[in-house]
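What follows is calculated from the coordinates using simple rules that are stated; it is not laboratory data. It should be emphasised that the depicted structure is a prediction, and the values quoted were computed from it without experimental measurement. Positions of Cβ are generated from backbone atoms using ideal geometry, with glycine treated the same way; all protein chains shown enter the neighbour counts.
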Ligand code: BTN
């Protein structure tokens with residue numbers, strides 16, 4: 001569902017987490033108080049749990065810090081700012097990645113950023129859905145054009161994993177890991193994921209839409225459909241006052257230079273750091289390629305970012321793609 005301007009006003013009003021009377025809300029919407037009750041259900045539909053208490057009014061279960069362009073821009077480095085050609089924050093969108101892939105078809109340049117408060121069809125890797133309730137997390141996509149072909153940027157998603165870890169560390173988060181190829185992990189659970197979609201000719205040029213989903217405050221009911229073990233920053237930090245705007249700026253400060261310089265640095269510049277955060281290394285794991293399992297002990301990644309698995313016969317096999325499960329995941 002699309003979020004109208006009036007609904008956005010209601011969310012802004014309720015964002016403080018305090019009670020607001022039906023009269024206050026009906027003034028904003030310009031409808032009767034009984035219509036407010038009916039209309040309030042859009043909040044549930046976009047993943048904003050709320051309570052309605054007679055005599056007090058309506059209140060969100062948790063205060064919200066809405067994404068704010070000015071606020072994010074204030075904390076951007078000069079380097080990151082110079083790499084941005086356009087900066088969009090959408091209240092609601094199907095998928096920030098799909099949107100930028102469409103913009104790219106129309107010739108959009110490098111450096112377009114798209115954040116969303118809510119995605120109705122957020123995409124994960126391998127055709128999975130990315131659960132994207134309103135105002136809870138970071139959903140970001142960045143478009144970049146490269147002179148060379150897709151092979152030249154094959155390690156980009158791993159480099160972005162390193163950039164996201166750097167951003168999270170600056171945000172005060174410890175105990176972070178990377179699970180090949182590009183999941184952000186903490187305490188054995190998934191905290192975020194990266195989806196890079198590439199389009200272009202074999203010998204170049206090509207373009208990439210780099211999508212990042214980071215769980216900040218993921219409401220339990222919304223997360224019920226997630227089949228993997230998951231976590232979010234509020235659980236890890238025990239805090240409910242985390243600033244998504246500050247986190248968004250950190251992410252851009254770290255990711256944009258990595259993307260812009262990747263054609264000259266390659267994955268090589270990020271390998272040591274990636275290996276420091278590798279949470280699969282020396283673990284017994286199974287890699288699935290189209291449901292076919294490959295068991296073994298993970299030996300880390302090679303210099304091209306491929307996964308190395310020591311198979312039961314002692315041979316080390318190299319894998320370019322697939323889904324790894326470990327620890328009974
Ligand atoms: C994964 O499966 O681990 C990758 C998840 C990527 C999710 C992000 S959210 C922003 C961007 N838009 C999408 O539709 N997906 C990515």
| remark: Rounded to the nearest 10, the angle in degrees between the Cα long axis of helix 156-170 and the longest principal axis of the Cα atoms of the chain comes to 50 degrees
| Can you give the three extents of the C-alpha atoms in the stretch 88-213 along their principal axes, from longest to shortest, in whole Å? | 41, 31, 27
| said: Among 101-108, 270-277, 141-148, how do they line up by average Cβ neighbours within 10 Å per residue, starting with the highest? | reply: 141-148, 270-277, 101-108
| Across bins of 20 angstrom width beginning at 0, how are the C-alpha pair distances of the chain distributed, in whole percent? | 30, 54, 15, 1
| Angle between the chain longest axis and helix 5-14 axis [Cα atoms, degrees, rounded to 10] | 90 degrees
| query | Kirkwood hydrodynamic radius for the stretch 280-326: how many Å is it when counted over pairs of different Cα atoms? | reply | 10.3 Å
| field | Whole-angstrom gap from the stretch 16-86 to the stretch 101-116, using each part's C-alpha centre | value | 27 Å
| field | Area projected by the alpha carbon convex hull of the stretch 173-329, averaged over all directions, nm² | value | 11.1 nm²
| task | Tell me what the chain gives for mean residue ellipticity at 222 nm when only DSSP H runs of n ≥ 4 count, each as -39,500 (n - 2.57), the sum divided by the residue total, rounded to 500 deg cm²/dmol. | result | -9000 deg cm²/dmol
| For the stretch 51-136, what percent of Cα pairs sit more than 15 Å apart? | 69 percent
| log10 I(q)/I(0), Debye, Cα-only the stretch 5-60, no solvent, q = 0.13, 0.30 Å⁻¹? | -0.25, -1.57
| message | Taking 0.36 nm per residue of sequence separation and subtracting the Cα-Cα distance, how much length would be gained by fully extending the chain between residue 224 and residue 284, in nm to one decimal? | response | 18.8 nm
| remark: The base-10 log of I(q)/I(0) that the Debye equation returns for the stretch 245-329 at q = 0.13, 0.16, 0.19 Å⁻¹, one scatterer per C-alpha, is -0.54, -0.74, -0.90
| remark: Least to most buried among 37, 130, by other C-beta atoms within 10 Å and fewest first, runs 37, 130
| query | By how many nm would the segment from residue 151 to residue 129 lengthen if fully extended, with 0.36 nm per residue of separation less the alpha-carbon distance? | reply | 5.3 nm
| query | Expressed as an acute angle from 0 to 90° and rounded to the nearest 10, what is the orientation of the C-alpha long axis of helix 244-265 relative to the principal long axis of the chain? | reply | 30 degrees
| message | If neighbour count is taken as other Cβ atoms inside 10 Å, put 41, 90, 118 in order from fewest to most. | response | 41, 90, 118
| On the first, second and third principal axes, largest extent first, how far apart are the outermost C-alpha atoms of the stretch 170-241 in Å? | 48, 30, 23
